[in-house]
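Notes follow the structure.
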Amino acid sequence: MNSRRKFIGKIAGASALLSSTTSVKASVDLLTQPVLPSLEGRKILFTYGGWDGHEPKKFRDYMTPWLKEEGAEVLLFDNLDCYTDESLMKEIDLVIQIFTMSEITREQEKGLLTAVKENGTGMAGWHGGMGDAFRVNTEYQYMVGGQWVAHPGGNIDYKVSISSNDDPITRGLSDFEMTSEQYYMHIDPNCNVLATTRFNGEHDPWINGCTMPVIWKKSYGKGRIFYTSLGHNLAHVIDQPSGMTIIKRGIQWASASKYLPMESWVTPKY
Ligand SMILES: [Zn+2]
């Protein structure tokens, strides 16, 4: 079922609830809460490559059928030259990128950043494919809103705490446990943080008790940016279904910058 049909279904369900005097408040909430935009008709550029340990091809093969089922047109590139194609980039609604480390040329970076900042193309990604790409490109990091710097202990058990259930990306989700890399990142304070994790100091005692964003959304110029540090590999975010739910919802949200009003915030929200 696509999101539009889901929305209509929700409205129908809410209308039915409205006839029940005991459920009026719940129904009104359902009608007034923002819903995630549909991917129907969206043009999505999916770039994959970089360090193979983050499984760019596996993610490509998992995400592409879902994006198409949701009605999106998906353009796949295993390199970054597409970012320099000005006419292509003008048409793109959303860039999904998994390109850990690697290098990006000035022309490629300019093409990507211009599309987001000036045209309103959204960008969505996860883990190192977006949050540890192009380490020397600070303007790229300014767009992303964070940069990976460490994952103490490697794959460990940690908890993800949902900061807000008001946002459609995290609505209905509870706190959950992960066994994966707990990313320690340098963070832009103007990210709208939707979930955090707390470091326990077992591996690096001086960060004991540190609260670190795990999911955020932000703006860069006209474009919506979604990021989560979850997703070291595909199995980690499928074994913990909330992980993949968050990635999919983030993609939906970020795809709509050209069609929906800007959201704004200027202070840390965690
Ligand atoms: Zn990783």
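The values are calculated or read from the model by the stated rules, or taken from the named source; none is laboratory data. Note that the structure is predicted; figures quoted are calculated from it, not measured. A quick note on method: Cβ atoms are made from the backbone with ideal geometry, for glycine too, and the neighbour counts reach across all protein chains shown.
Structure data summary
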| quantity | calculated |
| --- | --- |
| Residue under evaluation G53, criteria (1) within 16 Å of the ligand (Cβ to nearest atom); (2) in contact with a helix residue (DSSP H, G or I) (Cβ under 8 Å, 6 or more places away or on another chain), criterion not met | (2) |
| Contacts under 6 angstrom Cβ, first residue in segment 80-102 being over 16 Å from G223 (Cβ atoms), partner within 16 Å of the ligand (Cβ to nearest atom) and in a helix (DSSP H, G or I), 6 or more apart | I98/P56; I98/F59; I98/G129; F99/G129; T100/H54; T100/G128; T100/G129 |
| Failed criterion for M212 (all others in (1) part of a strand (DSSP E or B); (2) surrounded by fewer than 16 Cβ atoms within 10 Å (Cβ to Cβ); (3) within 16 Å of the ligand (Cβ to nearest atom) hold) | (2) |
| Residues satisfying the stated conditions in segment 171-202, i.e. within 16 Å of the ligand (Cβ to nearest atom), assigned to a strand (DSSP E or B) and either among the hydroxyl-bearing types (S, T, Y) or not assigned by TED's automatic domain parsing to the domain that holds K218 (or both) | T179, S180, Y184, T197 |
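Table: residues versus (1) in the same structural domain as D175 (by TED's automatic domain parsing); (2) in contact (Cβ under 8 Å) with a residue 12 or more places away in the chain; (3) within 16 Å of the chain's Cα centre (by Cα).
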site: T228; (1), (2), (3): yes, yes, yes
site: P241; (1), (2), (3): yes, no, yes
site: M244; (1), (2), (3): yes, no, yes
site: E263; (1), (2), (3): no, yes, yes
site: T267; (1), (2), (3): no, yes, no
